[in-house]
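Student: Mind looking over this structure? Questions follow.
The values are calculated or read from the model by the stated rules, or taken from the named source; none is laboratory data. Fair warning: this is a prediction, and the values are worked out from it, not measured in the lab. FYI the Cβ positions are ideal-geometry reconstructions off the backbone, even for glycines, and counts take in every protein chain you see.
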Amino acid sequence: MRPWLCRTFGGIVPAGPGPAAELGRYAATETILRLPQEYPEIVAAGARALWAVEARLRAAALQHPEAPELWLAVRDVDGLAMRLDATSEWEWRRGFADASVTGQDLGVLDELLRDAGAPPYLDATRPARAEERASLARLRAFLGSYCGGEFEFDDPAAPEPGSGAPAA
């Protein structure tokens, strides 16, 4: 999140001192993040891949009671998949979804992508594995950009693109 913004129930407003008119302009208008058009599919495909990994991890944890670290991996993967599924479009578009994703989640994705085949993330040679890795890589890139504040908010005073109106 950008340091000059703070969240309110009315939208995003500049933080700190500033002209009341400027604050009123932002508070009265809901601001929307300019996200990639395909972001819903990136998140959905990533969640599906996480659920598939979680199912394999859970099966392995049940078969290997001597490896309790597998249950920690199940918890990490399951938790991220659940939070992604539960995060609404409203939350994504208004910048609140970063409250559902932590640095630990990014680390889990990094481990899944780096350590495929190493415990606790099992070597799954099924055909879907390449597709899962691609989905997880796209999800990791998107979440890294989202949580890193790389997406800009629309300026509520700016004209719609392609409207022909001059920029303010």
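Student: Determine whether region 143-151 contains at least one residue that is surrounded by 11 or more Cβ atoms within 10 Å (Cβ to Cβ), at pLDDT 80 or above, in contact with a strand residue (DSSP E or B) (Cβ under 9 Å, 6 or more places away or on another chain) and farther than 19 Å from Leu109 by Cα.
Tutor: For region 143-151, residues surrounded by 11 or more Cβ atoms within 10 Å (Cβ to Cβ), at pLDDT 80 or above, in contact with a strand residue (DSSP E or B) (Cβ under 9 Å, 6 or more places away or on another chain) and farther than 19 Å from Leu109 by Cα: present.
Student: Sticking with this one: Please pick out the residue among Glu160, Glu111 that is modelled with pLDDT of 80 or more, out of contact with any strand residue (DSSP E or B) (no Cβ under 9 Å at 6 or more places or on another chain) and of a type in the set (Asp, Glu).
Tutor: One residue alone meets the criteria, Glu111.
Student: Kindly establish whether Ala61 is buried (at least 18 other Cβ atoms within 10 Å of the Cβ), outside any loop (DSSP other than H, G, I, E, B) and at pLDDT 95 or above.
Tutor: Against the criterion (buried (at least 18 other Cβ atoms within 10 Å of the Cβ), outside any loop (DSSP other than H, G, I, E, B) and at pLDDT 95 or above), Ala61 does not qualify.
Student: Kindly evaluate Arg94 against the criterion of being within 14 Å of the chain's Cα centre (by Cα) and at pLDDT 95 or above.
Tutor: Here the answer is no, as Arg94 does not meet what is asked.
Student: So which pairs qualify, if the first residue must be in region 128-145 and closer than 15 Å to Ala81 by Cβ, the second must be of a type in the set (Asp, Glu), the Cβ gap must be under 7 Å, and the two must be at least 6 apart or on different chains?
Tutor: Sorted first by the residue in region 128-145, then by its partner, the pairs are Arg140/Asp110.
Student: Quickly run through region 43-101 and pick out the residues that are charged (D, E, K, R), under 25 Å from Phe151 (Cα atoms) and without any contact (Cβ under 8 Å) to a residue 12 or more places away in the chain.
Tutor: Of everything in region 43-101, just one residue is charged (D, E, K, R), under 25 Å from Phe151 (Cα atoms) and without any contact (Cβ under 8 Å) to a residue 12 or more places away in the chain, namely Glu91.
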